[in-house]
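Structure first, commentary second.
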Amino acid sequence: MLVYLLVITILSLRFPENYLNWEEIECSNQSFPDNFTWGVATASHQIEGDNTNNWSAFENQKGLEKSAKACEHWLRWKEDFDLIENLGVDSYRLSIEWSRIQPKQGEWNQDAVDQYSEMIDDLINRNIKPMITLHHFSHPIWFEDLGGFYQRENVQLWVDYCQRIFELLNAKVTDWCTVNEPEVFSIMGYHMKMFPPGKGSVFKTIRVMKNMIYAHSSAYSALKKINPDARIGLAKNVTLFDPLRRWNLLHWITAIILNYIWNGAVISGLKNGRMFGSKIDSAKGSFDFIGLNYYTHALTSPFLPQTTEIDLPKRKHEVMTDFGYTMYAEGLERAVKMVSKLNVPIEITENGVADSDDSLRPIHLKRHIWQLSKLISEGHDIRSYYHWSLMDNFEWAEGYKLRFGLYHVDYKTQKRTLKQSGADYQKIIKSNR
Ligand code: GCO
């Protein structure tokens, strides 16, 4: 019993779960460095509409809500860029849809390439720096049919594609994210069955996660050979895992295991070239920055739900978001400290909230930005903040019911309307505080 108590005490002290008294915090008093980059983020499949890729196939196969026309961004991109400009951001994180560029293996769709080039030029003309993500969950069906990232030999096909896009745009675009959230892609797709290809195997998940890190590092070295000055990194989702009952060792053990699978493995892969006991030498140091996507923490027990469709447990005083996880701005500190281990500049490549009536987002924004400024003032090298997302869009397995936008989208009319939170963000950007 004594040993048990000792272990629990050590764990509790070593891994505290902090909460702030927000009532007492004056959130508007902090300023940001002059060169701090404010941004918004989106991903191709979530906004463009009419994509034919692994995701659209999965939507059909599983009877999910279809992405269909999404925000019709492929047709309305110019007016959407007006919206981005209207926010006053310095940068826009977007992804390029591989399935548009290479609808069939060996085929190169010049029209799509031209449109993306035009879009990039247009952003630059508006003084908005693009950050390009090369793989944000979606890829062509032919690639999936070959086994996708489950087969290590397929990685080269993706790297070839990345090289061509990079050759085309690297003179104009300095910041590149190779892959978005390798851990979410593999866990949701190969364990939780909620993303394509809908498999349920821990072994497959680990294999794909390693392959994604290998894919990232292969792209990194190929692209750096073309232009050593480019800034290339990846976006890592950090979800914190805290034991539901802090006196229960089983809950601690679950939290520790999940933390390794979700966060530790990728960080160790990038830092030491080792993950899950295997070596991926090329991964070591293969990044000029680390992108951090931060949303929440999960309270764990051995009975953690295996779907995102139900609410996760929460502390009494915590506020639930529409996604069924809580708003936990305090956690940004631990998330930043975790990725700080990589010793490179940090870009907050995503942070936001599902909140259909925009009642929570203004507070969410304020708290996270306050936390961010505090971390910067404490010396963390955080260069940017990209809010997820520009406008409401297709939230993967959850479809359109979850609204993450600073702009509201009426999907019937495709009308976009600035929300209160969007106006708040505009002000924050303008005053840089
Ligand atoms: C992810 C993605 C985004 C999501 C966002 C909100 O984390 O799943 O990068 O595509 O839409 O995070 O859940």
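The values are calculated or read from the model by the stated rules, or taken from the named source; none is laboratory data. Computed from a predicted structure; not experimentally measured. Reconstructed Cβ throughout: ideal geometry from the backbone, glycine too, with neighbour counts over all protein chains shown.
Taken over the range 372-386, the criterion of being buried (at least 22 other Cβ atoms within 10 Å of the Cβ) and either within 24 Å of N51 (Cα to Cα) or β-branched (V, I, T) (or both) is satisfied by I382 alone. Those helices (runs of 4 or more DSSP H) of the range 38-96 in which 2 or more residues are modelled with pLDDT of 95 or more, surrounded by fewer than 22 Cβ atoms within 10 Å (Cβ to Cβ) and polar (S, T, N, Q) occupy 54-62.
Scan the range 390-407 for residues that are over 20 Å from W38 (Cα atoms) and either part of a loop (DSSP other than H, G, I, E, B) or more than 16 Å from the ligand (Cβ to nearest atom) (or both) and the total you get is 8. Within the range 225-261, the residues that satisfy the criterion of being part of a helix (DSSP H, G or I) and out of contact with any Leu (no Cβ under 9 Å at 6 or more places or on another chain) are K225, I226, L250, I253, I257, Y260, I261. Count of the range 47-65 residues, restricted to those that are without any contact (Cβ under 8 Å) to a residue 24 or more places away in the chain and under 17 Å from P140 (Cα atoms), is 3. Identify, please: which residue in the range 125-151 is part of a helix (DSSP H, G or I) and over 23 Å from the mean Cα position of the chain (by Cα) and is, among those, surrounded by the most Cβ atoms within 10 Å (Cβ to Cβ)? Out of the qualifying residues, it is W142. Report yes if E183 is acidic (D, E), within 13 Å of the ligand (Cβ to nearest atom) and in contact with a helix residue (DSSP H, G or I) (Cβ under 6 Å, 6 or more places away or on another chain), otherwise no. Considered against the rule, which asks whether it is acidic (D, E), within 13 Å of the ligand (Cβ to nearest atom) and in contact with a helix residue (DSSP H, G or I) (Cβ under 6 Å, 6 or more places away or on another chain), E183 comes out as yes. Within the range 244-273, residues that are within 16 Å of K284 (Cβ to Cβ) have Cβ atoms under 7 Å from residues that are buried (at least 16 other Cβ atoms within 10 Å of the Cβ) and among the small types (G, A, S) in these pairs: G269/A283; L270/A283; L270/S286; G273/A283, counting only partners at least 6 apart in sequence or on another chain.
Does at least one position in the range 185-192 carry a residue that is touching a residue at least 40 places away in the same chain (Cβ under 8 Å), surrounded by 20 or more Cβ atoms within 10 Å (Cβ to Cβ) and small (G, A, S)? No; the residues of the range 185-192 include none that is touching a residue at least 40 places away in the same chain (Cβ under 8 Å), surrounded by 20 or more Cβ atoms within 10 Å (Cβ to Cβ) and small (G, A, S). For the criterion of being hydroxyl-bearing (S, T, Y), free of Cβ contacts under 8 Å to residues at least 12 places away in the same chain and not in a helix (DSSP H, G or I), S384 fails.
Of everything listed in (1) within 16 Å of the ligand (Cβ to nearest atom); (2) over 19 Å from K193 (Cα atoms); (3) of a type outside the set (F, W, Y); (4) out of contact with any His (no Cβ under 9 Å at 6 or more places or on another chain), the single unmet condition for E59 is (2).
Of the residues L375, L342, only one is of a type in the set (A, V, I, L, M, F, W, C), in a helix (DSSP H, G or I) and touching a strand residue (DSSP E or B) at 6+ places or on another chain (Cβ under 8 Å); which? So the residue among L375, L342 that is of a type in the set (A, V, I, L, M, F, W, C), in a helix (DSSP H, G or I) and touching a strand residue (DSSP E or B) at 6+ places or on another chain (Cβ under 8 Å) is L375.
Within the range 348-360, restricting attention to residues that are within 13 Å of the ligand (Cβ to nearest atom) and either touching a strand residue (DSSP E or B) at 6+ places or on another chain (Cβ under 6 Å) or not acidic (D, E) (or both), the residue that is nearest to E309 (Cα to Cα) is A354. Residues that are within 23 Å of I290 (Cα to Cα), at pLDDT 95 or above, within 16 Å of the ligand (Cβ to nearest atom) and touching a Lys or Arg at 6+ places or on another chain (Cβ under 9 Å) do occur in the range 240-247. When R403, R361, R416 are checked against the criterion of being over 19 Å from the mean Cα position of the chain (by Cα), buried (at least 17 other Cβ atoms within 10 Å of the Cβ) and at pLDDT 95 or above, a single residue qualifies: R416.
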